[in-house]
Amino acid sequence: MSTRYTGARITRNEDPALLCGRGLFVDDIHLPRLAHAAVLRSPHAHARIVRIDTRRARAAGGVLAALTHADLGALGGPLPRLIPHPALVHHKTQQALASTAVRYVGEAVALIVAESRYAAEDALDLVDVEYAPLPAAVRLEDAAAPGAPLVHEDAGTNVCARYTQRVGDVERAFAGAPRRFRDRLVMDRGTASPLEARGVVAAWDPRARLLEIWDSTQAPIPIRNGLAAMFGLPQTSVRVVAPDVGGGFGPKVMMFYPEEILVPLAAQRLGRPVKWIEDRREHFVATNQEREQIHDAEIALDETGRILGVRTVFLYDAGAYCPYGLIVPIVAGTTLPGPYRVPNYHCEFTAVFTNKTPVSPYRGAGRPHGVFVMERLLDRAARDLGIDRAEIRRRNLIQPDEFPYDVGLIYQDNAPVQYDSGDYPRCLGRAAEMIGYADWRAQQDTYRAAGRYLGLGVACYVEGTGIGPYEGCRVTVEPSGKVFIATGVGTQGQGHLTAFAQIVADHLGVTPRDVTVRTGDTAAFGWGTGTFASRAAVVAGTAVSLAAEAVREKTRIVAATLLEARPDEIELADGKVFVRGVPARALPLGEVAAAANPLRFAMPREWESPGLEATRYFAPPRGTFSNGVHACIVEIDPETGMLSLHRYVIVHDCGRVLNPLIVEGQIHGGVAQGLGGAFWEKLVYDAEGQPLTTTFMDYLLPTAADLPCFEVGHETTPTPLNPLGVKGAGEAGVIPVGAAIAQAVEDALRPFRVRITEMPLSPARVWELVAEARRSA
Amino acid sequence: MKLEGTNTLPASVETVWKTINDPDALRSCTPGLKELKATGPDTYQATLQIGIAAVKGTYAGTLSISDKRAPTHYKITLEGTGGAGFMKGEGSVDLEAQGSGTLLKWTGDLQVGGLIAGVGQRMLGGVGKMLIGQFFKCLEERLGGSA
């Protein structure tokens, strides 16, 4: 294929509609006789439900139905358990509506359906629920301790899993190591805060026996398959559409959230379409969260700073239920070694239930934790060994001639963590050059002489991306000459409608604007797993390429008959099909498509099937590993604790870049989210498990005004694991930000000897650390 | 959330004791109290309406007085639920003669959950103090003091 479009910085096909307000989000779905649902949620972190009485609510004006657990029948059982793991002893999932107990503030207790959302919300107040409050397990360490209140009485413990991975002989490495450093590193809770919260619209057509669902989800096909099984319908009788989705970031890849079952059920029972749109306050308690972990970590080195071994023993907060299994802690533990040679490694985690909103992957999904721990350990070692922090990293980097490099661990996809390609020293060198590392100390001294506290941070990461099991794509050339493609991997803003179109355009000799990409509609394409783990470009992108290639070959075969030439003489370009060297013997692509679907007479046997159409799948044996380095310069005001970002440099390698504009957008968004999680955003719960940050007044998102202009450098080491050479880039931006900021803040506050061992920070926390340092000085 | 404070009231311990045991006084002095119905000795069914920040909630619940040691001490327990969540409070009142007046010491422990906790928690301490202040100011007026 030519590469006219693949790799080009072209603007996105999806943007005109999105920017002009012509997108189609779930809340834009308006159907005749649409009813509206509202969810009654638990105000208690932990309580027994003594009694629920919906009589007053049902009698209220405009109310059509009030569902409690007693109304759910067979749908009342625990929701499906995704991704089991042998170490996950207590794989607890919630019920669509709580039956006998609630285990976090926000857990769904009843569903009201009414003529309007207004009436439905008013009726929530009329549901009488008697709770018997129970003691709550709130703080992660307390919940893990013996004698803690039990989140799940029948489990007899709050520990749902313990899991250990080991490489080499860690005990021996530590016993013989000349230098060892140990730290406790703490990361707190955050939430992804997509622009669009969750939402579901469902309609049941009793004549067609068709259940149609519009869902702001990252995984429409598994939702379709699950609903078909639960509702006892053939999969072809359930259509799930994820239309435009205003950001996903991981929490929208659940199967299921309660509303995804309740809304279809209500629609079927009432014989009317039903809409539920999550409001922001609900989102803060009813959509999965992430990030809380406590690591006791230790590093062993020789006197030159060479790593001999690393170990971490950590607690992972699962929240009240663990539908998504152990993905987050496994990713944290396997990301930790990063781009460094760690010959001996011990990683052991305890996953713990708490009476807080359940946890499932959020952009980064454990990777920020692993990187934070490794980079903090290296910073500590560099300082105490008197080695420059970039130099200690350089000395331990895996070299370009060592690939494939086997880390010795098992990744989230159950395949070995085997780095396929990369040039780690080159990325570090380029980031150091871009940020001006060499003369930083001189710069810093100048600022300090002027009474200003500036610091530089530099952090490295390796990111597992593009895991299986598979994705697929169908490419069809329409008689108009336009191309239609469908894939199961939905888009939440990543630019699939453009990147996939670019790949197709190059194979079929059309422009990306001629390619319509349909994603996230089970009626258009019914096989796939979803958008997660930075895998769309890698797995679906490759399937798109394989299918487009097959259509090109078919086009050649059909055109060869029409143009009386051999298939290998046929070329495709500029929307035309022609004989090489004889551009006058050309047909428009659409004409070939029309000819490939004859109305009469015999179809040549070598055409095999009608039309210019092909479906292909790609199933990578394992993930491919991207990498990068972030470097930043921050200023801290020690009197207020406030941070300002002066510069932020990102050098990353996601293999071959399909569209630099899209990759940069992903990086920018990721870094912004990472910075939020490093300094502004924190979910706070009180001692009883009441969330205290449920508005954007209290949960602070960074805005454009808080952020510097990001400086991005692309390195491209193609992966050998797929024909496009691409690696994932979706989560990259967020991963090393906490580590880089921690180091930069520490560097800025060197005169105070402040040590940063926690994320997120905040102005108040930085101020406290400075005050503590001043007191002890 | 724990709150505490003291107030000096211009009446004898006995008079103050009578007043703070008088359902009428409680009814007219408790801010936001819409309804107070005796359901037994020292037990009341109460409806309270309280607004914090943008959130207004009506709580239906019970108010009871216990641990009575006339005329100097009692415990007051309040439990309510409503659309804005739940509240649970426990407080104690101690009276002490001070000259011709009475020193009233109070402590309270308030727990809230649901909407009001999420949205209004930061303001709760201040609002709680203000409401309790209003309560005692009203008592003071009833006892003939200058407000």
Problem - Selection from segment A:352-397 of residues that are assigned to a loop (DSSP other than H, G, I, E, B) and buried (at least 22 other Cβ atoms within 10 Å of the Cβ) - result: A:Thr354, A:Asn355, A:Lys356, A:Thr357, A:Pro358, A:Ser360, A:Pro361, A:Tyr362, A:Arg363, A:Gly364, A:Ala365, A:Gly366
Exercise for the section: Starting from segment B:82-102, keep only residues that are free of Cβ contacts under 8 Å to residues at least 40 places away in the same chain and over 18 Å from B:Thr6 (Cα atoms), then list their pairs with residues that are among the basic types (Lys, Arg) and part of a strand (DSSP E or B) whose Cβ atoms are within a distance under 9 Å, requiring at least 6 positions of separation or different chains. Expected result: B:Ala84/B:Lys56
Practice task
Could you please find all residues in segment A:625-661 being surrounded by fewer than 23 Cβ atoms within 10 Å (Cβ to Cβ) and of a type in the set (A, V, I, L, M, F, W, C)?
Solution key: A:Met642, A:Leu645, A:Leu661
Practice task
Any chance you could count how many residues in segment A:627-671 are under 19 Å from the mean Cα position of the chain (by Cα), among the polar types (S, T, N, Q) and not in a helix (DSSP H, G or I)?
Solution key: 1
Problem - From A:His44, A:His36, residue being touching a residue at least 12 places away in the same chain (Cβ under 8 Å), within 23 Å of A:Glu278 (Cβ to Cβ) and within 14 Å of chain B (Cβ to nearest Cβ) - result: A:His44
Handout entry: Subset of segment A:95-133 [more than 10 Å from chain B (Cβ to nearest Cβ), β-branched (Val, Ile, Thr) and crowded, with 22+ Cβ neighbours inside 10 Å]
Key = A:Val102, A:Val109, A:Ile112, A:Val113
Exercise for the section: Determine which single condition B:Ile116 fails, assuming it passes every other condition in (1) in a strand (DSSP E or B); (2) out of contact with any Pro (no Cβ under 8 Å at 6 or more places or on another chain); (3) within 14 Å of chain A (Cβ to nearest Cβ). Expected result: (1)
Fill in the blank from the handout: In segment A:25-80, anything under 29 Å from A:Ala137 (Cβ atoms), basic (Lys, Arg) and surrounded by fewer than 16 Cβ atoms within 10 Å (Cβ to Cβ) is listed as A:Arg48, A:Arg51
Exercise for the section: May I ask you to list pairs of residues, at least six apart or on different chains, whose Cβ atoms are under 6 Å apart, with the first in segment A:646-675 being within 19 Å of A:Thr624 (Cβ to Cβ) and free of Cβ contacts under 8 Å to residues at least 24 places away in the same chain and the second being of a type in the set (Phe, Trp, Tyr) and surrounded by fewer than 24 Cβ atoms within 10 Å (Cβ to Cβ)? Expected result: none
Exercise for the section: Inspect all residues belonging to segment A:677-690 and state whether any of them is modelled with pLDDT of 95 or more, part of a loop (DSSP other than H, G, I, E, B), more than 14 Å from every other protein chain (Cβ to nearest Cβ) and touching a helix residue (DSSP H, G or I) at 6+ places or on another chain (Cβ under 7 Å). Expected result: no
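Each row is one residue, and each column tells you yes or no for (1) within 30 Å of A:Trp276 (Cβ to Cβ); (2) in contact (Cβ under 8 Å) with a residue 24 or more places away in the chain.
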{"position": "A:Ala120", "(1), (2)": "yes, yes"}
{"position": "A:Glu130", "(1), (2)": "yes, yes"}
{"position": "A:Val138", "(1), (2)": "yes, yes"}
{"position": "A:Glu141", "(1), (2)": "no, yes"}
{"position": "A:Ala148", "(1), (2)": "no, no"}
Exercise for the section: With respect to B:Ser12, determine if the residue is small (Gly, Ala, Ser) and farther than 27 Å from A:Pro43 by Cα. Expected result: yes
Practice task
Can you confirm whether segment A:729-750 contains a residue that is closer than 28 Å to A:Gly429 by Cα, modelled with pLDDT of 95 or more and either basic (Lys, Arg) or surrounded by fewer than 17 Cβ atoms within 10 Å (Cβ to Cβ) (or both)?
Solution key: yes
Practice task
Please work out if A:Arg518 is touching a strand residue (DSSP E or B) at 6+ places or on another chain (Cβ under 9 Å) and either under 17 Å from A:Gly7 (Cβ atoms) or without any contact (Cβ under 8 Å) to a residue 60 or more places away in the chain (or both).
Solution key: yes
Completion exercise
Those strands (runs of 3 or more DSSP E) completely within segment B:5-74 that have 2 or more residues that are in contact (Cβ under 8 Å) with a residue 40 or more places away in the chain and surrounded by 15 or more Cβ atoms within 10 Å (Cβ to Cβ) are B:43-52, B:55-69
Fill in the blank from the handout: Scanning segment B:44-57 residue by residue, the ones that are hydroxyl-bearing (Ser, Thr, Tyr) and either more than 14 Å from chain A (Cβ to nearest Cβ) or more than 16 Å from the chain's Cα centre (by Cα) (or both) total 1
Practice task
Test each condition in (1) within 14 Å of chain B (Cβ to nearest Cβ); (2) on the phi < 0 side of the Ramachandran plot for A:Glu14 and report the one that comes out false.
Solution key: (1)
Practice task
Kindly indicate whether A:Tyr453 is among the aromatic types (Phe, Trp, Tyr), touching a Ser or Thr at 6+ places or on another chain (Cβ under 9 Å) and surrounded by fewer than 24 Cβ atoms within 10 Å (Cβ to Cβ).
Solution key: no
Practice task
May I ask you to verify whether B:Leu110 is within 14 Å of chain A (Cβ to nearest Cβ), part of a helix (DSSP H, G or I) and touching a helix residue (DSSP H, G or I) at 6+ places or on another chain (Cβ under 9 Å)?
Solution key: no
Exercise for the section: Identify all residues within segment B:70-107 that are within 14 Å of another protein chain (Cβ to nearest Cβ), at negative phi and touching a helix residue (DSSP H, G or I) at 6+ places or on another chain (Cβ under 7 Å); write none if there are none. Expected result: B:Gly83, B:Ala84
Completion exercise
Exception for A:Glu130 within (1) modelled with pLDDT under 95; (2) out of contact with any strand residue (DSSP E or B) (no Cβ under 7 Å at 6 or more places or on another chain) falls at (2)
Exercise for the section: Go through A:Val109, A:Val50 for me and flag whichever is within 32 Å of the chain's Cα centre (by Cα) and modelled with pLDDT of 95 or more. Expected result: A:Val109
Handout entry: Evaluation of B:Gly126 against (1) away from chain A (no Cβ under 14 Å); (2) touching a residue at least 12 places away in the same chain (Cβ under 8 Å); (3) within 27 Å of A:His44 (Cα to Cα) (one fails), failing number
Key = (2)
Problem - Whichever residue in segment A:134-164 is buried (at least 18 other Cβ atoms within 10 Å of the Cβ) and within 14 Å of another protein chain (Cβ to nearest Cβ) and, among such residues, is farthest from A:Gly689 (Cα to Cα) - result: A:Leu134
Practice task
For segment A:223-244, enumerate the residues that are closer than 15 Å to A:Gly530 by Cβ and in contact (Cβ under 8 Å) with a residue 60 or more places away in the chain.
Solution key: A:Arg224, A:Gly226, A:Val240, A:Val241, A:Ala242
Exercise for the section: Please work out which residue is surrounded by the most Cβ atoms within 10 Å (Cβ to Cβ), limiting yourself to segment B:75-86 and to residues that are within 16 Å of B:Leu124 (Cβ to Cβ) and modelled with pLDDT of 85 or more. Expected result: B:Phe86
Exercise for the section: Can you run down the residue pairs with Cβ atoms below 9 Å, 6 or more apart or on separate chains, where the first is in segment A:79-98 and more than 29 Å from A:Leu111 (Cα to Cα) and assigned by TED's automatic domain parsing to the domain that holds A:Arg48 and the partner is of a type in the set (Lys, Arg) and crowded, with 17+ Cβ neighbours inside 10 Å? Expected result: none
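The values are calculated or read from the model by the stated rules, or taken from the named source; none is laboratory data. Everything quoted here is computed from the prediction, not taken from an experiment. As a convention, Cβ positions derive from the backbone with ideal geometry for all residues, glycine included, and neighbour counts pool all protein chains shown.
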